[in-house]
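Below is one structure, written out as structure tokens; comments come after it.
What follows is calculated from the coordinates using simple rules that are stated; it is not laboratory data. All of these numbers come straight from a predicted model, not from anything done at the bench. Ideal geometry is used to build each Cβ from the backbone, glycine not excepted, and the neighbour counts take in all protein chains shown.
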Amino acid sequence: MNNQEIIGICREYVKNNCEIDKSAHDWWHIHRVSSIAKKLNFYEKGNEFVVQMIALLHDVFDHKFYPDADIASEITKLLEHLNIKQYINQYDLDNIIHSIKNLSFKGGFNQERLSLEGQITQDADRLDAVGAIAIARTFAYGGRFDRQIYNPEEGIIEITSEEQYTKTARHSINHFYEKLLKLKDLMNTETAKKVALSRHQFMEGFLEQFFEEWDGIDVN
């Protein structure tokens, strides 16, 4: 079995199992990350097979939904279930698993070093959290988990630990300040940094307009 066949099997599995997700971590998020990662890899020259495998599987056992999952064990069992593990060499498998385990933002407190392929896919995942789609995803996620759009009485909560990031209740606008506006400066590759800049500026414009409307400044 060749690499493209392995990728095809994973793609079909992920599409079938993530298509109806309502938390903005659905198949189309994974499809975008996969596509962006492929474009970034064109410039960065990583192992395309590994990049695509990380991109396709990075949210299958996401810690937000499976906080107690042993990622290495779950990914290994999935690849065995799909009858493709035996066709992936150990070096690539270790890279894929390590990257998936450490791809998530986790409040910015995860400092584990990633391979080139992990960095490329992390950039692709983070680019989907910057810009117009990121705004839509933020409110889709917030709605799925009953978050308020904004609560001025709470203000902006500063996140100081990974535990606080994962467990503290807060409104959706807070997510821009705890994560989305930080991502521009956390990109690994030069290509992603350029793309992130324009998307970041779009989010800043959105927030400016949001607060003007919230306070009725535009109503004379």
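Per-structure values
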quantity: Gap separating the Cα centres of the stretch 150-181 and the stretch 1-66, nearest whole Å; calculated: 28
quantity: Most mobile of R170, R144, R32 in a GNM of the chain (Cα contacts under 10 Å); calculated: R144
quantity: Within-12-Å neighbourhood charge of E190 [Cβ basis; K, R +1; D, E -1]; calculated: 0
quantity: Spacing of the two label points (7 Å from each Cα toward its C-beta) at D185 and E12, in nm; calculated: 4.6
quantity: Above-threshold pairs, the threshold being 19 Å between Cα atoms, out of K39/K194; K45/K85; K106/K182; calculated: K45/K85
quantity: Over the chain, relative contact order from alpha-carbon pairs under 8 Å, at least 6 apart, %; calculated: 21
quantity: Option label - Rg/Rh (Cα atoms, Kirkwood Rh) computed here, alternatives [x] 0.94; [y] 1.18; [z] 0.99; calculated: [z]
quantity: Estimated D of the stretch 167-219 in µm² per second, where Rh is the Kirkwood radius over Cα pairs and Stokes-Einstein applies at 25 °C, 0.890 mPa s; calculated: 195
quantity: Pair E212, E80: separation of 7 Å Cα→Cβ label points (nm); calculated: 5.8
quantity: Extension reserve of the K22-A136 stretch, reckoned as 0.36 nm per residue once the Cα distance is removed; calculated: 39.8 nm
